[in-house]
Structure formats: structure tokens, C-alpha cells
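Down below is the structure, laid out as C-alpha cells.
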Amino acid sequence: MLIENAIHSQQVYDPTDDSIMAEQELCMERLYDYNHTRPSEHAKRAQLLKEMLAECGTGCWIEPPFHANWGGKHVHMDDYVYANFGLTCVDDTHIYIGEHTMIGPNCVLATANHPILPELREKAYQYNLPIRIGRNCWLGAGVIVVPGVTIGDNTVIGAGSVVTKDIPADVVAVGNPCRVLRPISERDKEYFYRDRKINWEML
């Protein structure tokens, strides 16, 4: 309980405490097993995810390699979340991901940060702020989400964006720092990419 109080307190603490590091190492052992499964071992991967993650809904899938400071222990995934290769969750505190969200390759969700004050940083002190990603979002390849950020439902974050502030629901947002480009609109019901029309009869 003392470990949980420290890492989830949103206050500066010492992550090199022996009890914290021992608990973290146990989590990393299971993550190692996950990343060394064979592509055909679907049932084994699904079972390991259930054991590793704080919450793992129906139909969740993470393509190995998956990297996580606590082996996914503080990652909460609703139903049908999909993460492509190379997801990194700096899950020193909670990361919440809503149902049907898709995460592109090589994305980083980082809850941990270090104080600016040099005297604290040289002791490796840190603090953690939770990340919340809504339902039915899409994070393009290489997106970075920093501590404390919330992304609203249905929102698309463009590839390579660095999300430093909250992003509302139902928008397309891009850039470094990430900013709202436009709302999701009626035009998106007709075109899936630039001037390419959706063929609804095929779907």
C-alpha cells in the first residue's frame, strides 16, 4: 500500500526505493514473457495481457514488442483496444484507454516526469500524472502523450504529434505541440482520405 501511495500521489517521490524497484522487477518478468511469445500463440498472449494489465477488456491486442515501466500494471484498456508494434507505456501511474481506440506503431504514453530543480533531479526524484484517452480515438504512428493529458472521445491525433495539453472530443489534432486542426465533420462521412470517397456499398 505504501508503494501505491507514493507512485499515485502526484507528488515528488524517490522511485529508486528498494521496495518499489523490487515490485517493478516482478512486473517486468511477465512483460518479458509476453514479448517472447511466438506470433501464433494467440491464447497465451491474451492470457498474459489479462495478467499484466490493470484492466484488459474483451478483444484487446498489443503487438509485441510492448514496453512498459511497470509491465502494464497500471494500464487500463476497455474493450477492443488495439496497439501496433512498439507501444511504450511509462505506466508509473494510471493510463486509461477507452474502447475501440487504435494506437499506431511506436507511440509513447508517458505518465512520469522529473522536477526542473537540479537538486531534485540529481537524486532521480520523479512525479507521475495519469493519462486518459477516450473511446474510439486513433493515435497515429509516433505520437507522444505527456503526463496528465486527457484526449476526448473519437479524436484523431496525427502521426508524430506531441500532445502536451488536453485535446477535446471529436476533433483532428496534429503537431508539436499538438493543436486542434479541425472538428470531425460531415465531409468525413463522404471522404476517407483527401479526395477519396467512402464506398459505403462495399462496407
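The values are calculated or read from the model by the stated rules, or taken from the named source; none is laboratory data. Note that the structure is predicted; figures quoted are calculated from it, not measured. Here the Cβ is made from the backbone with ideal geometry for all residues, glycine too, and neighbour counts use every protein chain on show. To get the accessible areas, we keep the full protein, side chains included, count just its heavy atoms, and leave off ligands, DNA and RNA. Shrake-Rupley method; radii C 1.70, N 1.55, O 1.52, S 1.80 Å.
Observations on the structure shown:
- Where a residue in the stretch 29-55 is on the phi < 0 side of the Ramachandran plot and its partner, wherever it lies, is open to solvent by 90 Å² or more (accessible area, probe 1.4 Å), with Cβ under 7 Å and at least six apart: Thr37/Lys44; Leu48/Arg30; Glu51/Arg30; Met52/Arg30
- Within the stretch 148-203, if we keep just the residues that are open to solvent by 100 Å² or more (accessible area, probe 1.4 Å) and not charged (D, E, K, R), the residue that is nearest to the chain's Cα centre (by Cα) turns out to be Asn176.
So that you can scan it fast, the table gives a plain yes or no per residue for (1) touching a helix residue (DSSP H, G or I) at 6+ places or on another chain (Cβ under 9 Å); (2) under 24 Å from His8 (Cβ atoms):
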site: Lys44; (1), (2): yes, no
site: Asn69; (1), (2): yes, yes
site: Lys73; (1), (2): yes, yes
site: Gly86; (1), (2): no, no
site: Asp92; (1), (2): yes, yes
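- Cross-chain or 6+ apart pairs with Cβ under 8 Å, the stretch 5-20 first and surrounded by fewer than 14 Cβ atoms within 10 Å (Cβ to Cβ), then among the charged types (D, E, K, R): Asp14/Lys123
Residues checked against (1) of a type outside the set (Ser, Thr, Tyr); (2) open to solvent by 20 Å² or more (accessible area, probe 1.4 Å); (3) in contact (Cβ under 8 Å) with a residue 24 or more places away in the chain; (4) touching a His at 6+ places or on another chain (Cβ under 9 Å):
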position	(1), (2), (3), (4)
His94	yes, yes, yes, yes
Pro105	yes, yes, yes, no
Leu109	yes, no, yes, no
Leu120	yes, yes, yes, yes
Ile133	yes, no, yes, no
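Here is a yes/no grid of residues against (1) among the polar types (S, T, N, Q); (2) more than 29 Å from Thr16 (Cα to Cα); (3) surrounded by fewer than 16 Cβ atoms within 10 Å (Cβ to Cβ):
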site: His74; (1), (2), (3): no, no, no
site: Ile97; (1), (2), (3): no, no, no
site: Leu117; (1), (2), (3): no, no, yes
site: Lys123; (1), (2), (3): no, no, yes
site: Trp138; (1), (2), (3): no, yes, no
